[in-house]
Amino acid sequence: MARPWESAPGVPFYRDPKYRGIALQIGLCAALGYLAYSAIQTAAENLARSHVASGFGFWNVVAGFDISQTLIDYSPQSSTYGRAFWVGLLNTLVVAALGIVLATILGFTIGVARLSKNFLVERLATGYVELIRNVPLLLQLLFWYNAVLNALPGFAASFVLPGGILLNNRGLFMPRPLFADGTQILATFAVTVLLAALFNKVVGRSAGFWGAIGVRSVFTLSILVGLPIVVFVVVGAPFAFDYPEIGRFNVKGGFEILPEFVALVLGLVIYTAAFIAEVVRAGLRSVPRGQTDAAQALGLTRPQTLQLIVIPQAMRVIIPPLTNQYLNLTKNSSLAVAIGYPDLVQIFTGTVANQTNQPVEIVVLTMLVYLSFSLVTSLVMNFYNARHALVER
Amino acid sequence: MKRIAQALFAAAVAFVVSGAADAATLDTVKQRGILNCGANGQLPGFGLPDSQGNWTGLDVDFCRAVAAAIFNDATKVKFIPLTAANRFAALQTGDVDVLARNTTWTLSRDAQGLNPTGINYYDGQGFIIRKALKVNSALELNDAAICVQQGTTTELNLADYFRTNRMRLKTVTFATLDEALKAYETSRCDAFTTDASGLYSTRLKLAKADDHVVLPEIISKEPLGPFVRQGDDQWFDIVKWVHFAMLNAEELNVNKANVDEQLKSENPEIRRLLGAENNFGEQLGLTKDWVYRIVKLVGNYGEAFDRNVGQGSPLKITRGLNALWTKGGIQYAPPVR
Amino acid sequence: MEAPTVAASRTNSAAVAYVRAAPAAAVLPPLTTVGVLAWFKDRLFSSVGSTVMTILIVLLLAWILPPLIDFLIVDATWSGSDREACLPSPARPEVGACWPFIGDRLAYVTYGSYPVASRWRVDAFFAMLACGTAWLLWLEAPRRDIGAVYFFVVLPLASLALLHGFPTLGLAVVDTAFWGGMMVTIVVAAVGIVTSLPIGIVLALGRRSKMPAVRLLCTLFIEIVRGVPLITVLFMASVMLPLFLPDTWSPDKLMRALVGVALFSSAYMAEVVRAGLQSIPRGQYDAAHALGLSFWQTSRLIVLPQALTVTIPNIVNSYIALFKDTTLVFFVGIFDFLKTIEAARADPKWSTSVTSATGYIFAALVYFVFCYAMSRYASRMEKRLGVGENR
């Protein structure tokens, strides 16, 4: 029997699907190639005629503008546009990292709450998801920034929170231990989180005492809290803090968190959590009812059932769409432009594109950054899927 | 049926192709029948549409003058509101024929494929601050948080000024002037900075304008003027000379009210200006009566100034540097001859 | 086996004293297993944790709801002509939402700066769009094939003529610079909706094609567009598109944003359609081949009708996302609904401490109504198609 893609004898080659396919592809490539060629040609002509510089020569030119949040050293007078790029990239990553952690916590809580037997809990969670998912993120960000954070008192009338923390419409100001600069705090934080994750990884698989969720969380928590304290003591326990104080114009000293940052993280977390909640709900519901029944028949308690039976199976369904949500959160952080938070898009396609007058290079570069985020994530996901895929029998 | 289909197609094409950035801008503009002018859209006195979409402002009047010179009709202008961040791209991609959006003439802009055609407003950067803070000088602003619009020379000058005076600065940057101003008004920042002219006009947008004061320091030179694309000398000349024509008209006391009488004047300078003698307009590619059209339909520079930013406007800015050179200012136009 | 024993015991019942002769009167079930009380016990107080949560939530609602109602209704200002009406005064220390601000700006946030005399054209567009949408969404509507032609062919052309102008019919041209408000939001969303489905279908078919070049190109396009934020796509469309086109073709500013939105939503739509295509069993293709149908015939007659039907809920969901994403045209200087709210908010005439919140709450309400209606429709379709149960 002739398979459909093999030409039957006597059929002319131009009616043969195989040759037709090749011809179509050649035609398509030629057409697209021509389009791309003429577009690039036109762009080059247009750029040449308007005497716009091209290339990345601007990378080493002094930037000259100030940035409100810099995690690495940056000074308007000596730092280059390249440095500004890294500042923006780091600002984006910080928002994304913090947003992902918080949105996961909130999203899982709400996702579980949507399946709760308690009427009020279930209704509240459903109401949250419906409300948040149906209002544009940009509007929510503007609301948090312009309507909520700006409604906080001015710096002169700051809320004074315990521990010398000040809260006003200029941001959140916390005492800063004098021994550490930003990088040290960041490094300690990173090491702590890494250790806690490692601990969980090592111990999470064992079924005995260490594997019990209670024991595990107590130890994780103690690593998270304990390690910074140990570091603090080892460094010499300098009980001196740089307390923020109200100056003539501003709050002086202390560790400052910008209201733009707070609004952005808040908006992204609240928005993304609603989507994560749906992902989690779908994942939990994908575990057949019989699994729970069987677990109970074996005498497992409800937390044990969740921890040992339901969650491990649900995770397989949850992880892929969850990573998608993480990527969405990262991409959505570009809405920072609307509320003046200096992320990559705001610094780069906003200020730098305008100062250098080279929008093409800058937009392409910005897109490449986000594309590489996606690429790395899909690689990691493929790796994960390969390891955790159900083994078909 | 076929005709309707053709007309629909034409409408679709007209929707898609709204302008052309050909080398001969004058021909394109004439063919299109309308001048595309990049304007501010948020700045009272320079470029702002009202709720009916009627534009007013000094820069707006400049574009009207260009349209008057070309079409003998000052209404044949389409104003396209641009932000600081997208204005140059709009000019370079041919979206607008003239960029009249209180734009500062700097070397890098001149070199980067843009041509400033003149200076229609000599400005400098200043600060506005709440009266309650009792600040008398910009030099007292150490540690202040300052709201500024992104992608402007203002953003750069601000950093320079604080550095020069060894003061610490907290910049809060926003994409548009309105956002920056709104943030200042809700006291996100202590002060707001932009060109001094902009300070006077944005002050009108504050709910309680009297609670705010403009500081005396001017920290930079901000010569504002219209820009055109590089590479079309004829168009560059036309836009350049529209400004000079308006200045010369003021200098020769030719205004909207008396322009018809002045046409009969014996003064050779006026006769040359209004086209009663020689054909200077034609040398530019326009008509002989190009200046007559400008003055008749829009007015001279002084009239445009008074109406939009001067004593005849809510801004009440004095002429200062923008007075004619004969009256103590530095507005000086080469002669028409 | 059972029956004889029962029968036997019955016959002996008279003889055994402890066996009841007559049935006992029925006792009502305990209050805690049926009825309101049971519901309360089961759904609110089933365990200690549940009880604690119930109490916490009641407290939370008691904390949030009264101030919210006060702000929206009790303390709200309902009439006035400028900011004075919405300022706190000694007689009225607490000021709620400033509704006259919305009333004053309603025309602006609906039509933007569209000439007042021509606004009936926008209304006509809204009406035509509503008809078309209802025709397509209502599955029992008569002649839905004509409806589809109306929606995908007639409506776009008629809208272009109505909104942009059509001098032959006496409709003066209204430049897109004057367009604004809800009208622009709906135009952007509608263009995205109308264009993304066909382009998305082509891309999805291309990505599943056996031809490597076609597959590679489609995959590249889809993955690149999905990998970057919409804001950069819009930025590229508005800044770079004119550079890549010959200079006699300088597209309108709104047109560029529309191109950006259409490309972006097509890439997402392609993935939705692809998921639908994957749900079609292999046998359907084989059967079509066996009948001698060509690729396009197979797609048009066999695969797409089935694949699109099962994905209707997902298609609607991606339309919801698209509708929310229209707010991003804000960044390329187009006055959509949200941008007009922002502009109205900055107006000194209405500058008060509650203006921003009022504007945002109104905007949120409008977006919510649109999106929620769509999501209800999607979940009804999902139930109807039984997609949810089949998993």
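Observations, loosely collected:
- Annotation: of all residues in segment C:224-247 being in contact (Cβ under 8 Å) with a residue 24 or more places away in the chain and either more than 7 Å from chain A (Cβ to nearest Cβ) or among the small types (Gly, Ala, Ser) (or both), the one that is surrounded by the fewest Cβ atoms within 10 Å (Cβ to Cβ) is C:226.
- Each residue in segment B:114-152 was checked for being in contact with a Cys (Cβ under 6 Å, 6 or more places away or on another chain) and acidic (Asp, Glu), and 0 of them qualify.
- Qualifying residue in segment C:318-327 (condition: more than 12 Å from chain B (Cβ to nearest Cβ), in contact with a helix residue (DSSP H, G or I) (Cβ under 7 Å, 6 or more places away or on another chain) and more than 30 Å from residue C:383 (Cα to Cα)): yes
- Among residues of segment B:155-172, those that are more than 7 Å from every other protein chain (Cβ to nearest Cβ) and not in a helix (DSSP H, G or I), counted: 4
- Taking segment C:286-297 as the range and being part of a helix (DSSP H, G or I) and surrounded by fewer than 18 Cβ atoms within 10 Å (Cβ to Cβ) as the test, the residues that pass are C:286, C:287, C:289, C:290, C:296, C:297.
- Lone qualifier among A:360, A:279, A:391 - being part of a helix (DSSP H, G or I) and either at pLDDT 85 or above or more than 14 Å from every other protein chain (Cβ to nearest Cβ) (or both): A:279
- When B:209, B:175 are screened for being more than 10 Å from chain A (Cβ to nearest Cβ) and either modelled with pLDDT under 90 or under 30 Å from residue A:46 (Cβ atoms) (or both), only B:209 passes.
- Search result, residues across segment C:56-76 that are within 13 Å of chain A (Cβ to nearest Cβ) and either of a type in the set (A, V, I, L, M) or in contact with a Pro (Cβ under 9 Å, 6 or more places away or on another chain) (or both): C:56, C:57, C:58, C:59, C:60, C:61, C:62, C:64, C:65, C:68
- Options C:369, C:329: the member that is touching an Asp or Glu at 6+ places or on another chain (Cβ under 6 Å) and modelled with pLDDT of 90 or more: C:329
- Qualifying residue in segment B:110-120 (condition: closer than 14 Å to residue B:199 by Cβ, surrounded by 20 or more Cβ atoms within 10 Å (Cβ to Cβ), more than 9 Å from every other protein chain (Cβ to nearest Cβ) and not aromatic (Phe, Trp, Tyr)): no
- Lone unmet requirement of (1) in contact with an Asp or Glu (Cβ under 9 Å, 6 or more places away or on another chain); (2) crowded, with 24+ Cβ neighbours inside 10 Å for residue B:157: (2)
- Any hit, segment B:127-145, residues being under 25 Å from residue A:356 (Cβ atoms), in a strand (DSSP E or B) and more than 14 Å from chain C (Cβ to nearest Cβ): no
- Residue check, residue C:373 within 30 Å of residue C:78 (Cβ to Cβ), free of Cβ contacts under 8 Å to residues at least 60 places away in the same chain and part of a helix (DSSP H, G or I): yes
- Top-ranked residue of segment B:188-205 - restricted to ones that are surrounded by 19 or more Cβ atoms within 10 Å (Cβ to Cβ) and at the interface with another protein chain (Cβ under 8 Å from one of its Cβ atoms), ranked as nearest to residue C:349 (Cα to Cα): B:205
- Remark: pairs (first residue in segment C:19-48, under 18 Å from residue A:122 (Cβ atoms) and within 14 Å of another protein chain (Cβ to nearest Cβ); second residue of a type in the set (Ser, Thr, Tyr) and surrounded by 11 or more Cβ atoms within 10 Å (Cβ to Cβ); Cβ separation under 6 Å; 6+ apart in sequence or on different chains) = C:38/C:32; C:41/C:32; C:44/C:54; C:45/C:51.
- The set of residues from segment C:342-361 being aromatic (Phe, Trp, Tyr) and within 15 Å of residue A:134 (Cβ to Cβ) comprises just one member, C:360.
- Screening segment B:305-337 for residues that are assigned to a loop (DSSP other than H, G, I, E, B) and among the β-branched types (Val, Ile, Thr) and picking the one that is surrounded by the fewest Cβ atoms within 10 Å (Cβ to Cβ) gives B:318.
- Flag if residue B:183 is touching a residue at least 12 places away in the same chain (Cβ under 8 Å), part of a loop (DSSP other than H, G, I, E, B) and within 14 Å of chain C (Cβ to nearest Cβ): no
- Qualifying residue in segment B:78-97 (condition: out of contact with any helix residue (DSSP H, G or I) (no Cβ under 8 Å at 6 or more places or on another chain), modelled with pLDDT of 90 or more, in a loop (DSSP other than H, G, I, E, B) and farther than 23 Å from residue B:205 by Cβ): no
- Residue C:340 touching a strand residue (DSSP E or B) at 6+ places or on another chain (Cβ under 7 Å) and outside any loop (DSSP other than H, G, I, E, B): yes
- Note on segment B:310-337: among residues that are among the aliphatic types (A, V, I, L, M) and touching a residue at least 24 places away in the same chain (Cβ under 8 Å), the one that is nearest to residue B:283 (Cα to Cα) is B:336.
- Selection within segment B:48-69 - on the phi > 0 side of the Ramachandran plot and within 14 Å of another protein chain (Cβ to nearest Cβ): B:53
- Only one entry in C:330, C:368 is of a type in the set (Phe, Trp, Tyr) and either surrounded by fewer than 23 Cβ atoms within 10 Å (Cβ to Cβ) or more than 8 Å from chain A (Cβ to nearest Cβ) (or both), namely C:368.
The values are calculated or read from the model by the stated rules, or taken from the named source; none is laboratory data. These numbers come from a predicted model, not from an experiment. Cβ coordinates were reconstructed from backbone atoms using ideal geometry, including for glycine residues, and neighbour counts include every protein chain displayed.
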